[in-house]
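Undergrad: Can you keep this structure in mind? I'll have questions shortly.
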Amino acid sequence: MDPVYRPVVQLVVNAYRLKRWDLTVSGGEHVPEQGPAIIATNHIGYLDFTVSGYAVRRVTRRNRLVRYAAKQEVFDHPVSGPLMRGMKHIPVDRGGDVERTMRMAVEHLEQGELVGMFPEATISRSFVPLPGKTGTVRMAQRAGVPIVPGAIWGSQRIWTKGRPRDLSSGVPLTVDFGTPLQVDPDEDAEAATARLMASIGELVDRAQRRYPVTPEPGDEWWQPAHLGGTAPTPEEAAAQAAEEAAARRRRRQGQDGAGG
């Protein structure tokens, strides 16, 4: 029983239907009907966890739930915090206690659940996958579970980093799941992460090229640069992500210094 999560899921489903955000899912056969796995997708918008979670619900007969790893700030919020804890999601204190996050995620996996991860650990402003962090792979190695790669597309049009929310109706959304990756316990985590991100990257590229809508003139911001859009290039997006990470470190150091 999930007295908090399942009602929230139903609210999300109703909102999608109300807004006519049509979700198309492919590769659903790769999501296990039972047993543990990590669902690892690209990250292009703030609604990605609802998009991939809804997709998993759609393709599994038992409407499986996914426990997502999300930044600590979401858990600290007076409104979202109680909901996140009630849904048994997993807090990530970036720059803090990483082992706690790993331990909580592995506990969910050992209980036969699905855990959702965004290996990039941040939204990619280029809408092309950034290099992944090794946490997803190390989690899979520790728990001995497969990783199901996935690609989300279209959610950036609704709400993404650096852009105002646009709750317009009729936005197509797609999720493509790929063949699960098995990671050997002794495999180098960096090499396995590169393999995972290559799989996600292929799925994302296919999703981008098959998307049923092209940007209207003046609205090319949500299209990646290599497809003629005006989104930042991967190099520009990586530089922005590095600047943001450095700013977070400075804020954390300042807070630690003030607390000391």
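Undergrad: Less than 13 Å Cβ to Cβ from Ala55, Lys/Arg counted +1 and Asp/Glu -1: what total charge do the surrounding residues give?
TA: -1
Undergrad: Which of these values of P(r) over Cα pairs in 10 Å bins from 0, in percent was calculated from the structure shown: [x] 7, 27, 26, 20, 14, 5, 1, 0; [y] 7, 28, 34, 23, 7, 0; [z] 7, 30, 38, 21, 4, 0?
TA: Matching the structure shown: [z].
Undergrad: Give the residue list of trypsin sites (Lys or Arg not before Pro) in region 115-210 that are DSSP loop and have at most 14 other beta-carbon atoms within 10 angstrom.
TA: Passing both the DSSP loop test and the Cβ count: Arg165.
Undergrad: Towards the positive end of the charge dipole of the chain, with charges on Cβ (+1 Lys, Arg; -1 Asp, Glu), say which of Thr214, Ile158, Asn14 has the farthest Cα.
TA: Among Thr214, Ile158, Asn14, the one farthest towards the positive end of the dipole of the chain is Asn14.
Undergrad: For region 1-117, give the percent of accessible area contributed by carbon and sulfur heavy atoms, probe 1.4 Å, rounded to a whole number.
TA: That share works out to 55 percent.
Undergrad: For Lys161, go through the lysines and keep the ones whose alpha-carbon is under 20 Å away, minus same-chain ones fewer than eight residues off.
TA: List returned: Lys71, Lys133.
Undergrad: Where in the chain are the DSSP H helices whose C-alpha atoms run 30 Å or more along the long axis and whose mean Kyte hydropathy is at least -1.0?
TA: Going by DSSP H runs, the hits are 189-210.
Undergrad: Under the definition of Cα pairs under 8 Å and six or more residues apart, what whole-number percent is the relative contact order of region 84-219?
TA: The value is 24 percent.
Undergrad: With +1 on each Lys and Arg Cβ and -1 on each Asp and Glu Cβ, and nothing else charged, work out how big the dipole of region 1-127 is about its Cα centre, in Debye to the nearest 20.
TA: For this selection, approximately 520 debye.
The values are calculated or read from the model by the stated rules, or taken from the named source; none is laboratory data. Because the structure is predicted, anything quoted here is derived from the model rather than measured. A quick note on method: Cβ atoms are made from the backbone with ideal geometry, for glycine too, and the neighbour counts reach across all protein chains shown. What goes into the accessible areas is simple: the full protein's heavy atoms, side chains included, and nothing from ligands, DNA or RNA. Shrake-Rupley method; radii C 1.70, N 1.55, O 1.52, S 1.80 Å.
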